[in-house]
Amino acid sequence: MAAQLAQPHIDVGIVTNDRDGALAFWNGLLGFPVEGEVSFPGMTIVRLTVGDAILRLCIPDAQVARKADSGAFDAETGLRYLTLAVTNLDAVVDAARAAGFPIPVPPRDVRPGVRAAQIQDGQGVTVELMETVAA
């Protein structure tokens with residue numbers, strides 16, 4: 001049976017040992033506002049608004065020993081990257097570079113009328129930025 005969505009979007013959770021680093025990337029660089037925070041036994045979840053979706057930064061009280069590969073998005077299986085449609089691709093990449101975040105794929109044409117780049121949060125998540133350009 002197919003899922004019958006109550007809301008037309010997907011929310012994502014990212015587990016991180018580095019609260020400050022994660023917020024520097026997702027809130028500071030990409031500008032996703034913090035909606036709130038809730039603590040559970042063993043974990044704090046910081047909720048960020050991403051359009052109509054929510055990004056959950058899950059920060060365990062105790063450091064997680066096993067960490068995702070922070071290399072290329074295709075370095076291991078599992079959820080490895082997110083895609084954001086943006087209107088300011090070059091500005092976001094420039095800001096990421098200036099802040100020291102890895103840029104594995106600089107801006108380039110991927111098909112007629114579409115440019116893309118990849119930036120990384122330094123904790124195992126690659127963000128693909130796609131921009132539609134006027135012909």
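The table that follows gives values for the structure above.
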{"item": "About the Cα centre, charge dipole magnitude for the chain (Lys/Arg +1, Asp/Glu -1 at Cβ), debye", "result": "140"}
{"item": "On Cα atoms only, tilt of 89-99 relative to the major axis of the chain in degrees", "result": "50"}
{"item": "Cα-centre dipole for segment 68-135 with unit charges at Cβ (Lys and Arg positive, Asp and Glu negative), debye to 20", "result": "140"}
{"item": "Gyration tensor (alpha-carbon) shape descriptor, segment 77-123, a/c threshold 1.5", "result": "oblate"}
{"item": "Point-charge dipole on Cβ atoms (K/R +1, D/E -1) for segment 9-65, about Cα centre, debye to 20", "result": "40"}
{"item": "Per-bin percent of Cα-Cα distances, segment 9-65 [5 Å]", "result": "4, 21, 30, 26, 13, 5, 1"}
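Only the coordinates and a few stated rules stand behind these numbers; no lab work does. Keep in mind that what you see is a predicted model, and the values were worked out from it rather than measured. Reconstructed Cβ throughout: ideal geometry from the backbone, glycine too, with neighbour counts over all protein chains shown.
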